[in-house]
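The values are calculated or read from the model by the stated rules, or taken from the named source; none is laboratory data. Just so it is clear, the model here is predicted, and its values are computed rather than measured. Note: ideal-geometry Cβ built from the backbone for every residue, glycine included; neighbour counts use all protein chains shown. Ligands, DNA and RNA are excluded from the accessible area calculation, which covers all protein heavy atoms including side chains. Shrake-Rupley method; radii C 1.70, N 1.55, O 1.52, S 1.80 Å.
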Amino acid sequence: MRETAIVYEKELNPEQLAVVREGDGPVLVLAGAGSGKTRTITYRVAYLLEQGVLPQEILLLTFTNKAAREMLQRVALLLKREPVGLWGGTFHSVANRLLRRYASELGYSQNFTILDQEDSHLLMKVCLKELRVDTIARKFPSSSTLCGLVSYARNAQKPLREVVEKRYPNGRDLVTIIERLSETYEVHKHQADAMDFDDLLLNIRTLLREFPLVRRRLSEQFRFILVDEYQDTNTIQAEIIRLLSEAHGNVLIVGDDAQSIYSFRAAQIQNILRFPEIYPGTKTFRLTTNYRSTPEILAVANQSISHNMDQFEKELVAISRSLEKPLVVPAASGAEEARYIATRILELVNQGGSLSQMAVLFRAAFHSQALEFELMKRDIPYEYRGGLKFFERAHVKDVLAYVRVRANPKDEAAWLRLLGLQSGVGLATAQKILQSVGQAQTFEEVCTLELSVGKRAQNGWDQLKKTLVKLSVQLEPADLIRTVLTSEYRDYLEAQYPDFMDRLEDVEQFALFAEQTEDLQTFLSEVSLTDEYGAARTQEASGEDRLVLSTIHQAKGLEWDNVFVMHLADGKFPSPRATEEDAGFEEERRLFYVATTRARKRLAFTYPLTSGYDTLILHQPSVFLQELPELLLEPISLRGRTPLASPDEPVVVFDDLGERVEGSAQIGKSFLRNVDELL
């Protein structure tokens, strides 16, 4: 062993040091949340270079270019020199570099084009036109939906027919034409000397599979292969690693099966779970020393994930000092849940906390709607990750346009938006229709308009009129929104968006919000002012300290001092649709684990006990809360009494103003009594 400039014993804990020094051969590193996996990989690369391994003999694969850059920068700082020639980057970027060398073997030129998502969608539209697919006779999947189905089938290595039947069940009768579109799409790409992102992986695998000399040359070059976030790899990526490591067998993979949450992108958890089986003689290391969270937070995380059966067992151990238990906060409604979170955030700010060190996490985007309204009302600046803010979402704007024309038949901007959604109606035709609409005196007159336009545009107008007629007998905001939700617009959403079910949930949440206002003009005024204000705050807040709102998927890899996990109600989290998938329930629990381990100091779980307005729906807490021992959590009452309480145990209680009140409580007991007390 060579002498090294870096004193590894001082820089690493014993778990990390073992990986760095003993990482030859097939190695599985199970790196728990907050355990310093990036540090471990970085020092392992530096160690190899100090031992005389040439930079070009090391391949470091990550899932983001940012992660690769950060690791290489850290290596350079450790060695005090650039590791020139070291191969580091994402699977796609490395595949691109290799394919530029060997493209001719697969029938491409070295100057092949890489298609981005927009290019792929445009090319799919060309294929639709070439095959003369009638997208007017019935709502046909959009080009983005078609590309999504084809991409998932390729990455998951499943037949397209199976994927369509499972992920787009209303398109079962379209399977044959979708298969033809996929084939035509492939032909067009090859003729154009172009590859999409999926092709980069598939083609490098084909190169390694079918050209033994190329495989031998590359596998001999890469003496040491290191892969970050291995639990997120799909079947193709795992095979690429296996083929590239054929000559030397030095493949070190780092990951955490407990944080495998991307099956919807075709990530395959079995890649990491079966690694020791695929690579005989695998050495397994566990990084379980957690530098992020308090012991109380880790106790919840460890207990929750222990319920999963298909996993490597490990238990995180905290370095941080002990603080308070995670809170569990049942609220009477979604609105009260939002008020509690906003009040608590302001309290933490008043105590010296920073908004940027606080995050509110949720399972699905529509769960945050009530909170967004509350934050806007209270002038709390925030940034939204994992999607657009509520009123910026296209489907919300679409539904609002229907409501606006019902209130004001002369609303030109709203009409242009609605007409733009109709098949066969372009801008010129829309302006012609608007001239006729402008002459009508009432909304009822608009519903009876007969137009002189082309056949395709006439079909589009007739479809729109069906919805307008239904709206003409409604005036209450919530009823109008739900009417749109059950109209032809629902078919449009399904055909246009792969995630149309989430968008339908958004619209239903919008309707629930609208139930609080019976007067249409008052509702539109509130929405317009909220929208304008929210947009203004976003712009003003660009240099401000801002709260983070994020889906849990987008929060992976991040951390904050204070974390709220909201809407933890049964039927909301875990997601009912996700649990229908194979092993979906355990993946939902891993999502809960990821959310929990984002918190450094304080963690709060909140959920509404009821939803609805005219009709009250009762909610149980999420099963992930119910399966936790009561002693790990501190219950909070928002009514001066603690629901589901026994008189024995102390608890901190908040009143409606967010002030702490002494009380006593315990999670458990009767759910119905809980609801009764809160209401």
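Once both labels are modelled 7 Å past Cα along the beta-carbon direction, what's the N408-E392 spacing in nm?
Simple spin-label model gives 2.4 nm for this pair.
If the cut-off is 19 Å between C-alpha atoms, which lysines fall inside it for K166, apart from same-chain ones fewer than 8 positions away?
Counting by Cα, and skipping residues close in sequence, K166 has these lysines nearby: K139, K158.
Quick one: Debye curve from the alpha-carbon atoms of the chain only, equal weights, vacuum; give me log10 I(q)/I(0) at q = 0.07, 0.09 Å⁻¹ to two decimals.
The Cα Debye sum returns log10 ratios of -0.56, -0.92.
For the stretch 82-102 and the stretch 315-363, what is the separation of their C-alpha centers, rounded to whole Å?
Their Cα centres are 42 Å away from one another.
Would you list which aspartates and glutamates come within 18 Å of K410, measuring only between C-alpha atoms, while excluding same-chain residues fewer than 8 positions from it?
Within the straight-line limit of under 18 Å, K410 reaches these aspartates and glutamates: D398, E444, E445, E450.
Before I look further, what does the chain give for accessible area per residue, probe 1.4 Å, in whole square angstrom?
44 Å²
For the stretch 1-92, what's the relative contact order in percent, using C-alpha pairs closer than 8 Å and at least 6 residues apart?
The normalised contact order for the stretch 1-92 reaches 29 percent.
I want to verify the translational diffusion coefficient of the stretch 315-464 in µm²/s; compute it with Stokes-Einstein, Rh as the Kirkwood radius over Cα pairs, at 20 °C and 1.002 mPa s.
110 µm²/s
Considering Cα pairs under 8 angstrom that are at least six residues apart, work out the relative contact order of the stretch 59-156 and quote it in whole percent.
It comes to 19 percent, rounded to a whole number.
Got a number for carbon plus sulfur as a percent of the stretch 338-474's accessible area, 1.4 Å probe?
49 percent
How would you order 450-462, 392-404, 496-508, 25-37 from highest to lowest mean count of nearby Cβ atoms within 10 Å?
Result, highest mean Cβ count within 10 Å first: 25-37, 392-404, 496-508, 450-462.
Is the stretch 331-388 rounded, prolate or oblate when judged by the Cα gyration tensor, a ≥ b ≥ c being the square roots of its eigenvalues, rounded requiring a/c under 1.5 and prolate requiring a/b larger than b/c?
Taking the square roots of the gyration eigenvalues as a ≥ b ≥ c, the stretch 331-388 is oblate.
If I take R0 = 41 Å and measure r between the Cβ atoms of L243 and D561 in this structure, what FRET efficiency does the formula 1/(1 + (r/R0)^6) give, to the nearest 0.05?
0.40
Want the number for T4 to E544: 0.36 nm per residue separation, take away the alpha-carbon distance, what's left?
Additional length available on full extension: 189.9 nm.
Under a Cβ-Cβ cut-off of 9 Å, what is the net charge of the residues other than Q110 that fall near it, where Lys and Arg count +1 and Asp and Glu count -1?
Combined, the nearby Lys, Arg, Asp and Glu give +2.
What is the chain's relative contact order, in percent, from Cα pairs under 8 angstrom and six or more apart in sequence?
Reported as a whole number, the value is 16 percent.
Once you sort the root eigenvalues of the Cα gyration tensor of the stretch 66-128 as a ≥ b ≥ c, which label holds: rounded (a/c under 1.5), prolate (a/b larger than b/c) or oblate (the other case)?
oblate
Quick one: what does P(r) look like for the stretch 376-489 with 10 Å bins over all Cα pairs, in whole %?
Going out from 0 Å in 10 Å bins, the stretch 376-489 shows 13, 44, 28, 11, 4, 0 percent.
Taking 0.36 nm per intervening residue step and subtracting the Cα-Cα distance, what contour gain separates L434 from K377 on full extension?
Net length gain for the segment: 16.9 nm.
What's the ranking of 62-68, 106-112, 594-600 by average number of surrounding C-beta atoms within 10 Å, highest first?
The packing order, highest mean first, is 594-600, 62-68, 106-112.
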